[in-house]
Amino acid sequence: MGVAQHAVNAEQQAQQAAQAAAGKRDQQRAALAQIPLPTKSLYVDVHEPGAWLNPFLSVDTDYLTLRVTMADANPSSVGQGNMLRPDAARRQEVQLRPGDVADALIALPAGAWRYGRVIAVSESPLASKKDRPKVRRNVEAAIQQLGDLGVVVEEWPSR
């Protein structure tokens, strides 16, 4: 009887954990749904990673690098992009564990999503050839996770 009761308790705990995970995923999905759907005409002609203005995810063997270009706080077009207001000064990178991607995207301000709810994903150019299969699996896992969250993925070729 003790073993059977222990098995029932373990099954109930597993169900509760699954329900909690599903609830958290629904909350994350709802938070990201506040960002408008992507407008492909805004980014269809962007072919260089440095020109991409939305979040950009570079996937490596053990971590992901999220690059974000924040919106310019100055609404004036005077001096925009020159030495006084360089675009690179608003660019930030952070390394994440694969499980932290959703929380990181939710924390981004709306100005970081200029094209709408779309993110570029690429294999890290720094990964060695022998690590490519693992990196590819991590890319596919990241794309799956982003898709589950309702984020459109624009996969970029590795360089």
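The values are calculated or read from the model by the stated rules, or taken from the named source; none is laboratory data. For clarity, every value in this text was computed on a predicted model and none was experimentally measured. Cβ atoms come from the backbone with ideal geometry, glycine included; neighbour counts cover every protein chain shown.
For the reader, a short list of remarks on this structure follows.
- The stretch 87-108 - residue that is among the small types (G, A, S) and under 14 Å from the mean Cα position of the chain (by Cα) and, of those, surrounded by the fewest Cβ atoms within 10 Å (Cβ to Cβ): G99
- Residues (at pLDDT 90 or above and either more than 18 Å from the chain's Cα centre (by Cα) or closer than 28 Å to A127 by Cβ (or both)) located in the stretch 15-39: P38
- As a summary of the residue check, R67 satisfies the conditions (1) within 18 Å of the chain's Cα centre (by Cα); (2) at pLDDT below 85 except for the one numbered (2).
- Number of positions in the stretch 109-159 that are of a type in the set (S, T, N, Q), within 12 Å of T61 (Cα to Cα) and free of Cβ contacts under 8 Å to residues at least 12 places away in the same chain: 1
- Residues of the stretch 25-64 that are part of a helix (DSSP H, G or I), of a type outside the set (D, E, K, R) and closer than 15 Å to G147 by Cβ: Q28, L32.
- Matching residues, the stretch 109-154, being surrounded by 18 or more Cβ atoms within 10 Å (Cβ to Cβ), assigned to a loop (DSSP other than H, G, I, E, B) and touching a Pro at 6+ places or on another chain (Cβ under 7 Å): Y115, R117
- Looking only at the stretch 86-123, residues that are within 15 Å of N138 (Cβ to Cβ) and of a type in the set (D, E) come to 2 in all.
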